[in-house]
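Notes follow the structure.
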Protein chains: 2
Amino acid sequence: MPSPLLLEEYCQFFRLLSEPARLQLICQLRAGPMDVAALIEATGFSQSHISRQLGQLQRAGLVSCERDGVRTIWSAEGALVDELCSLVQTRLKRRLENQLAQLQSA
Amino acid sequence: MPSPLLLEEYCQFFRLLSEPARLQLICQLRAGPMDVAALIEATGFSQSHISRQLGQLQRAGLVSCERDGVRTIWSAEGALVDELCSLVQTRLKRRLENQLAQLQSA
DNA sequence: CGGAGGTATGACCGTAGCCGCATAAAGGCG
DNA sequence: CGCCTTTATGCGGCTACGGTCATACCTCCG
């Protein structure tokens, strides 16, 4: 079993992904770098909220930014989140398949 | 990019892992089936709290229980959480290594 | 059946954190 | 230098959820 400290680190990481706003931002940026205006347009959240969430993700190293004059271009490199989501998706899918089989056999 | 509904599912899943109490329960159970008394002893949480958290994890299919008379033996099958934690750990490790390199080159 | 051990649930409190509003800070342009 | 655009931050409301206490529910045993 992981040490309590490491466990806490895991939790903080998973917490970042546990909020639709943040995960959506990451997924958007995985498609390619975007500026904040585009993220507002894509997600519908307020500018201040997006700024905060990006700040959290940046501190965790999940996104990075590059200033282009007055605008800030954000991007998300690394396939970690993709891999995590893929694993979870497989799990969710298998779970639904099992439930379906249960219903059909009944 | 994943559909909003799927994204929400991901978030709910990650939320389960974002709480030390729950992740600790899973990790404990990954070492082998245990009864509730042992989980109380191992985690220090109250019985009612543990019962609630196990309920959430069970609904998500992350743990399962088997009644042995009056006692309930809980277990966590499937290496999904192990894999997720392993991926995150690798990420955390690499991030620290990079920060260390930054400091040493400065 | 009555009581004891073990588990789930209702009620409640406290806090963390999401979210927007308003505003300050930072950077470009006439 | 003033002004505008873009981003970051202080403030506050609101809700969700972690955590506990008390209690109801279940299962076995005398």
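The values are calculated or read from the model by the stated rules, or taken from the named source; none is laboratory data. What you see is a predicted model; the values in this text were computed from it and never measured. So basically every Cβ, Gly included, is an ideal-geometry build from the backbone, and we count neighbours across all protein chains shown. Note: accessible area is taken over every heavy atom of the protein model, side chains too, but ligands, DNA and RNA are not part of it. Shrake-Rupley method; radii C 1.70, N 1.55, O 1.52, S 1.80 Å.
Do you know which residues across the stretch B:13-61 are under 9 Å from the mean Cα position of the chain (by Cα) and among the acidic types (D, E)?
Hit for the stretch B:13-61 is B:E19, nothing else.
When only residues in the stretch B:81-99 that are within 21 Å of B:L17 (Cα to Cα) and more than 9 Å from every other protein chain (Cβ to nearest Cβ) count, which is surrounded by the most Cβ atoms within 10 Å (Cβ to Cβ)?
Restricting to residues being within 21 Å of B:L17 (Cα to Cα) and more than 9 Å from every other protein chain (Cβ to nearest Cβ), the top hit is B:V81.
Report the residue count in the stretch B:23-36 for those that are open to solvent by 10 Å² or more (accessible area, probe 1.4 Å) and either in contact (Cβ under 8 Å) with a residue 24 or more places away in the chain or of a type in the set (F, W, Y) (or both). Break it down into steps so the answer makes sense when it comes.
Within the stretch B:23-36, the subset open to solvent by 10 Å² or more (accessible area, probe 1.4 Å) is B:24, B:27-28, B:30-36.
Retained after the next criterion (residues that are either in contact (Cβ under 8 Å) with a residue 24 or more places away in the chain or of a type in the set (F, W, Y) (or both)): B:27, B:30, B:32-36.
The total comes to 7.
Among the residues of the stretch A:61-80, which ones are within 14 Å of another protein chain (Cβ to nearest Cβ) and open to solvent by 50 Å² or more (accessible area, probe 1.4 Å)?
First pass over the stretch A:61-80, keeping only residues within 14 Å of another protein chain (Cβ to nearest Cβ): A:61-64, A:76-80.
Result: A:E77, single match.
Going by the structure shown, is A:E83 at pLDDT 95 or above and within 15 Å of DNA strand D (Cβ to nearest atom)? Write out each step before concluding.
Values: at pLDDT 95 or above: yes; within 15 Å of DNA strand D (Cβ to nearest atom): no.
Taking the combined requirement at face value, the residue does not satisfy it.
Among the listed residues A:G61, A:G55, which satisfies the condition of being in a loop (DSSP other than H, G, I, E, B) and within 16 Å of DNA strand D (Cβ to nearest atom)? Break it down into steps so the answer makes sense when it comes.
On the way: A:G55 fails: in a loop (DSSP other than H, G, I, E, B).
Among A:G61, A:G55, only A:G61 is in a loop (DSSP other than H, G, I, E, B) and within 16 Å of DNA strand D (Cβ to nearest atom).
Against the definition (within 12 Å of DNA strand D (Cβ to nearest atom), part of a helix (DSSP H, G or I) and surrounded by 12 or more Cβ atoms within 10 Å (Cβ to Cβ)), how does A:L39 come out, yes or no? Break it down stepwise before answering.
Working: within 12 Å of DNA strand D (Cβ to nearest atom): yes; part of a helix (DSSP H, G or I): yes; surrounded by 12 or more Cβ atoms within 10 Å (Cβ to Cβ): yes.
Considered against the rule, which asks whether it is within 12 Å of DNA strand D (Cβ to nearest atom), part of a helix (DSSP H, G or I) and surrounded by 12 or more Cβ atoms within 10 Å (Cβ to Cβ), A:L39 comes out as yes.
Between residues in the stretch B:51-75 that are closer than 28 Å to B:E8 by Cβ and residues that are outside any helix (DSSP H, G or I) and within 12 Å of DNA strand D (Cβ to nearest atom), which pairs lie under 7 Å by C-beta distance while being six or more apart or on different chains?
Pairs that qualify, where the first residue is closer than 28 Å to B:E8 by Cβ and the partner is outside any helix (DSSP H, G or I) and within 12 Å of DNA strand D (Cβ to nearest atom), are B:C65/B:T72.
Could you please give the count of residues in the stretch A:1-60 that are more than 9 Å from chain B (Cβ to nearest Cβ), out of contact with any helix residue (DSSP H, G or I) (no Cβ under 9 Å at 6 or more places or on another chain) and within 12 Å of DNA strand C (Cβ to nearest atom)?
Qualifying residue count, the stretch A:1-60: 4.
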